[in-house]
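**Student:** Sharing a structure here in structure tokens format.
The values are calculated or read from the model by the stated rules, or taken from the named source; none is laboratory data. Since we're looking at a predicted model, the values are computed, not measured. Ideal geometry is used to build each Cβ from the backbone, glycine not excepted, and the neighbour counts take in all protein chains shown. Keep in mind that these areas ignore ligands, DNA and RNA; they rest on the heavy atoms of the full protein, side chains included. Shrake-Rupley method; radii C 1.70, N 1.55, O 1.52, S 1.80 Å.
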Amino acid sequence: MNGSPNDVLSGVVASLRNTWRGLTSMRTALILLFLLALGALPGALLPQYSLNAAAVQRYQAEHPTISPLLDRLGFFDVFSAVWFAAIYLLLFVSLVGCLVPRSLDYARGLRARPVATPRNLSRLPHHAAASVTAEPAEVTAAARRLLRGWRTAEAVEPSGAHTVSAERGYLREAGNLVFHFALLALLVTFAVGKLYGYEGQVIVLAGGGQFCNSGLLAYDSFKPGIRVDGTRLDPFCVRMDGFTAEYEPNGQPRSFQADIGYQDAAAFGAGPAGATVGGAAGAWRAATLRVNHPLRLGGARVYLIGHGYAPRFTVTFPDGQQRTSAIQWRSVDTTTLLSEGATKFDPPGVTDPEQRRQRQLAITGLFAPTAFFDGAVLSSSFPAPRDPAVAIDVLRGDLGTESGRGQSIFGVDQSMVESGRLVRVARQNLLLGEQLTLDDGTVVRFDGVQQWVSLQVSHDPAQQWVLLSALCVLAGLGASLSIRRRRFWVRAAPITEAEGGGRTVVEVGGLARTDQAGYGEEFTRLAALVLRGDPEPSRGRPAALARKE
Amino acid sequence: MTVNTTLATYSDWCYAGAVIVYLLALLLHGVQFAAGRRRAAAPELVAAGGGGQASTTNPPGDGTSGTRDAAATAGRMAVSLTVLGAMIHGASLLLRALAVQRVPWGNMYEFGSAICLAAVVTWLVLLRRHRVSGLGVFVLLPVVILLFTSGTLLYTKAAPLQPALRSYWIAIHVFAAVIASGVLLVAGAASVGYLMRTSGRAERLPAADVLDRLAYRATIVAFPVWTFAIIAGAIWAETAWGRYWGWDPKETVALVAWVVYAGYLHARATAGWRRGAAWINVAGLAVMIFNLFFVNLVVSGFHSYAGVG
Ligand code: HEM
């Protein structure tokens, strides 16, 4: 656009080289960005092991032909797949390769003078001219005063014309560099968090249940970062004092709240004696957990992520001994909280394992917080425990707990049932307080309901750095997209005596280096001010500013 | 927290009214498009706010002055109707907010409606500064389709928010997402227009470089807002779900859209890539819409606020 080839010939060569370099690497970056977008898609569209392993298995069962291939390609675990890592690592290599020279250029450019005034200003996208009575030097001096905040350079051409070249908007490139570097920082801090963080879930019964962050085994499920072995978790304990759920009349939940007590590292006397605010070491402090309101303790955060019911059964064995148990059942219907599960009992006082294996009991079936019977079939009509009931099978025999196989806490080992070692001895619906009697005189009573709460404990040592990087991304982006790198030139040439003399022809030109749109108004304003001071228009076109697109 | 059903009903009426008014505006834009041969737009529409800065104008029309006037009139009426529609539409959202005493973007129906309003307002703002009403069909068509789908398939009765959404972050994160989506919708429409204009199939559209610049400027406004929406979403996820990023489908596709728009900006900064860039912008919009519908309705994830099935 800059239309004077001779005096900027070397500049053209350099800028050609720059363009070529920019083009090639930009194209690489484009392709890699495209691949990144494309590669992330299966991670969103196919079930992922990391999010929902059961969904992956379901999908694989439904699509037996394609699944093995997809699995081998890592499509069920995209975000840890090698090829996905390859894409973003390549992208970041290309980014570094692009940023380093750009940063150096930028640093050099900071000291450079604004580009000399082009010979032919009328070829620029923005241009205006007028003739004034002021001296050329006065015009340029006034222009420089006007261009405060711009970097300016003044020159006198052999013809006697005075020029000002001005440039502004260097922060655009700075913002752009900040943006790209912050992206790098974001990736690195994200990765650090993944290496050194952990996430675990645990179910705790309301009404006094406790959880202590003592190690992997305290959790129902635990996802450690590669550098976490579970031995040095942040020490704290949580006691679930109470849980309240409120519902709209239609059953839609309105609020969940868990009242808890907790002890953090300080309470364990890790600090100096007396460091505990509550007084004696080991004191419990009260807190409330709600959705969107986690408990933040030192490095760990505790979240309320789910809840459900634990029906309480008391079994009176023929010898008169009683055992009571309440263990979490899981909801099979998230709106009515109809739940299923298995509560298991060992016969008391039986030491012989052989005998014990004949007389273990399991109570399995459905629990409804608000019972609704269709004939004898139990379902639930409301999620709150208004009218609880259970529909249970009682099984007796060998639960298989000593078989060495892992067992679901929500059901019985079906192979035991199939092999006849675990036999159903009763099937009945019980309302709260009702009981049933087995053939051997054992009495099973449904005598209460407890709520359970599922907690998530998360630890990510890098997350504040991730946030900081993200904010730098945003700030850099804002600067880079809103600031325009723009140039402004003034040439004030005296009219020779031969041509009438005594006047000065002032020409101004403007060029925005990235996007012309939006520079027009600023240019118009500046041009009008520079050209002001003489009512006589030049070339019949006063400050009616020519603007080319 | 009870729902004021009277206000909710008025809100629904306004919604229906807005759709009808937009539909009429769309039809008039169709007339304008069909009648105005080789004309950029009705220049009378840009009297205000142009700052005396003339964008590239097309050569004067070569049609008869009768059809040109018809086109101009239709265009003017279409824009007036759009303004009217936007007011009724705004009233619909406001009434719903009052009916349920919360932000009016708590489920997919409301979210879709808010995005469309953001798009229409963006469009009206652009119309004040640029003579581009000839693009009206391209903007109003997706708006009407989106509103119609939201109002029928996705309609959700006024109701309080579920506990997971009761956080001030819904006002921040979702609002940013609404604004970004609305502006990007207009940007996408401009890019579609650009692609048709440069392929020589739609001479009646505004000039190609005007459309290209419009798309670019809308995108550079929306992109940081979208970036902010993602960051705000991550901050909220940290408080609500225990991690700031978990590759939830909605998060992932939002990031994919972000990457596609980053690709657009890179492509547009590359000389000689204007058409490629426009295609990428359209692809970005496709990903946004995909995220809105498909991911909410078909893929299950944490973002289960859709309130449908
Ligand atoms: C993780 C990958 C990348 C992402 C997400 C990304 C994103 C972006 C975004 C959003 C912009 C627009 C903001 C602006 O104009 O300043 C931008 C601009 C830019 N990027 Fe990148 N970028 C990436 C990699 C790269 C690479 C590898 C290069 C090297 C070729 C590069 C070179 C540039 C340049 C030169 C601009 C300025 C364009 C202009 O002046 O408008 N980027 N980038």
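**Student:** In the neighborhood of A:Arg113, defined by Cβ-to-Cβ distances under 14 Å, what is the net charge if each Lys or Arg adds +1 and each Asp or Glu adds -1?
**Tutor:** +4
**Student:** Now a separate question. Report the Rg/Rh value for the range A:410-538, based on alpha-carbon coordinates and the Kirkwood definition of Rh.
**Tutor:** That ratio is 1.73, to two decimals.
**Student:** Sticking with this structure for a sec: Run lengths n ≥ 4 of DSSP H only: what is the helix-derived mean residue ellipticity at 222 nm for chain A, with -39500 (n - 2.57) per run over all residues, to the nearest 500?
**Tutor:** After summing the helix terms and dividing by the residues of chain A, the value is -10000 deg cm²/dmol.
**Student:** Under the rule of -39500 (n - 2.57) per DSSP H run of 4 or more residues, summed and divided by the residues of chain B, what mean residue ellipticity at 222 nm is obtained, to the nearest 500 deg cm²/dmol?
**Tutor:** About -23000 deg cm²/dmol.
**Student:** Using a probe radius of 1.4 Å on protein heavy atoms only, what is the accessible area buried between chains B and A, both sides summed, to the nearest 100 Å²? Intermediate values should be presented prior to the final figure.
**Tutor:** Numbers: alone 13960 and 29490 Å², together 38980 Å².
Summing both chains' loss of accessible area gives about 4500 Å².
**Student:** Between Rg and the Kirkwood Rh of the range A:68-224, both from Cα atoms, what is the Rg to Rh ratio?
**Tutor:** Here the Rg-to-Rh quotient is 1.34.
**Student:** Determine, from the Cβ-Cβ distance of A:Ser482 and A:Ser408 and an R0 of 56 Å, the FRET efficiency 1/(1 + (r/R0)^6), rounded to the nearest 0.05.
**Tutor:** Given R0 = 56 Å and the Cβ-Cβ separation, E is 0.50.
**Student:** Would you check the accessible area of B:Asp248, probe 1.4 Å, heavy atoms only, in square angstrom rounded to 10?
**Tutor:** Spelled out: B:Asp248, probe radius 1.4 Å, area about 10 Å².
**Student:** Do you know the relative contact order of the range B:90-182, to the nearest whole percent, from alpha carbon pairs under 8 angstrom that are 6+ apart?
**Tutor:** Relative contact order comes out at 45 percent.
**Student:** Starting from 0.36 nm per residue, how many nanometres of slack lie between A:Thr288 and A:Arg427 once their C-alpha separation is accounted for?
**Tutor:** 46.0 nm
**Student:** Where does each of B:His266, B:His29 land when they are ordered by accessible area, with a 1.4 Å probe and the largest first?
**Tutor:** Values: B:His266 40, B:His29 0 Å².
The residues order as B:His266, B:His29, largest area first.
**Student:** Can you tell me the relative contact order of chain A? Whole percent, Cα pairs under 8 Å, sequence separation 6 or more. Don't skip to the answer; put the middle values down first.
**Tutor:** On the way: 1059 pairs, mean separation 108.9, N = 549.
Relative CO of chain A lands at 20 percent.
**Student:** For a quick check, take a GNM of chain B with Cα springs below 10 Å and name the residue from B:Ile230, B:Ile145, B:Ile88 with the largest mean-square fluctuation.
**Tutor:** B:Ile145
**Student:** While we're on this one: With all distinct Cα pairs included, what does the Kirkwood hydrodynamic radius of the protein assembly as shown come out to in Å, to one decimal, could you say? If you can, show how the numbers build up before the last one.
**Tutor:** Values: mean 1/r = 0.0311 Å⁻¹.
The answer is 32.2 Å.
**Student:** Residues with beta-carbon under 14 Å from that of A:Gln60, excluding A:Gln60: net charge, scoring Lys, Arg +1 and Asp, Glu -1?
**Tutor:** With Lys, Arg at +1 and Asp, Glu at -1, the net is -1.
**Student:** Please state the Cα pair-distance histogram of the range B:180-309 with 10 angstrom bins from zero: what percent is in each bin?
**Tutor:** For the range B:180-309, the pair-distance distribution reads 13, 39, 29, 14, 5, 0.
**Student:** Which entries in A:Lys194/B:Lys157; A:Lys344/B:Lys250; A:Lys223/B:Lys250 show an alpha-carbon gap greater than 31 Å?
**Tutor:** A:Lys194/B:Lys157; A:Lys344/B:Lys250
**Student:** Now a separate question. Quick one, what does Rg over Rh come out to for chain B if you take C-alpha atoms and the Kirkwood Rh?
**Tutor:** 0.99
**Student:** Let me ask something else. Find the centroid of the Cα atoms in the range A:38-66 and in the range B:139-216, then give the distance between the two in whole Å.
**Tutor:** So the separation of the two Cα centres works out to 30 Å.
**Student:** Counting alpha carbon pairs within less than 8 Å and at least 6 residues apart, what relative contact order, in whole percent, applies to chain B? Write out the running numbers ahead of the final one.
**Tutor:** On the way: 468 pairs, mean separation 62.8, N = 309.
20 percent.
**Student:** Between A:Leu38 and A:Ala528, what is the spin-label point distance in nm, taking each point 7 Å from the Cα along the Cα→C-beta axis?
**Tutor:** 5.1
**Student:** More than 17 Å apart: what percent of Cα pairs in the range A:151-239 qualify?
**Tutor:** Within the range A:151-239, distances greater than 17 Å cover 70 percent of Cα pairs.
**Student:** Moving on to the next point. Over all residues in A:35-46, what is the mean tally of Cβ atoms on other chains that come within 10 Å of each residue's Cβ?
**Tutor:** Values: counts 1, 6, 14, 3, 2, 6, 6, 1, 6, 16, 8, 2.
Counting other chains' Cβ atoms within 10 Å and averaging over A:35-46 gives 6.
**Student:** Going by average Cβ density within 10 Å per residue, which order do the peptides A:219-231, A:461-473 take, highest to lowest?
**Tutor:** So the order, starting with the most tightly packed, is A:461-473, A:219-231.
**Student:** Compute the distribution of all C-alpha to C-alpha distances in the range A:81-128, in bins of 5 Å from 0, and list the percent of pairs in each, rounded to whole numbers.
**Tutor:** 5, 15, 12, 10, 10, 12, 10, 8, 7, 5, 3, 1
**Student:** Would you list B:Val192, A:Val508, A:Val82 from the most to the least accessible area, probe 1.4 Å?
**Tutor:** Numbers: B:Val192 50, A:Val508 0, A:Val82 120 Å².
Ranked list, largest accessible area first: A:Val82, B:Val192, A:Val508.
**Student:** Oh, and also: Beta carbons within 10 angstrom, averaged per residue: use that to sort the peptides B:78-87, A:325-334, highest first.
**Tutor:** Result, highest mean Cβ count within 10 Å first: B:78-87, A:325-334.
**Student:** Something else about it: When you look at the Cβ of every residue in B:216-228, what mean number of other chain Cβ atoms sits within 10 Å?
**Tutor:** That works out to 3 on average.
**Student:** Further question on the same structure: From other protein chains only, count the Cβ atoms within 10 Å of every residue's Cβ in B:257-267, then give the mean.
**Tutor:** Taking the mean over all residues of the peptide, I get 5.
**Student:** Give the cysteines in chain A for which no other Cys Cβ lies under 4.7 Å away, or write none if there are none.
**Tutor:** So far as the 4.7 Å Cβ criterion goes, A:Cys98, A:Cys472 stand without a partner in chain A.
**Student:** On to the next question. Quick one: work out the % antiparallel among DSSP beta bridges in the range A:276-392, nearest 5.
**Tutor:** Taking every DSSP beta bridge with both residues in the range A:276-392, the antiparallel ones total about 95 percent.
**Student:** When ranked by the protection proxy of mean other Cβ atoms within 10 Å per residue, highest first, what sequence do the peptides A:316-322, B:102-108 form?
**Tutor:** Highest mean packing first, the order is B:102-108, A:316-322.
**Student:** Here's a follow-up. Work through the residues other than A:Thr163 whose Cβ is under 9 Å from its Cβ and net out their charges, Lys, Arg +1 and Asp, Glu -1.
**Tutor:** It works out to a net charge of -1.
**Student:** How far apart, in nanometres, would the label points at A:Leu69 and A:Arg254 be if each is projected 7 angstrom from Cα along the Cα-to-Cβ direction?
**Tutor:** If labels sit at A:Leu69 and A:Arg254, their model points lie 5.4 nm apart.
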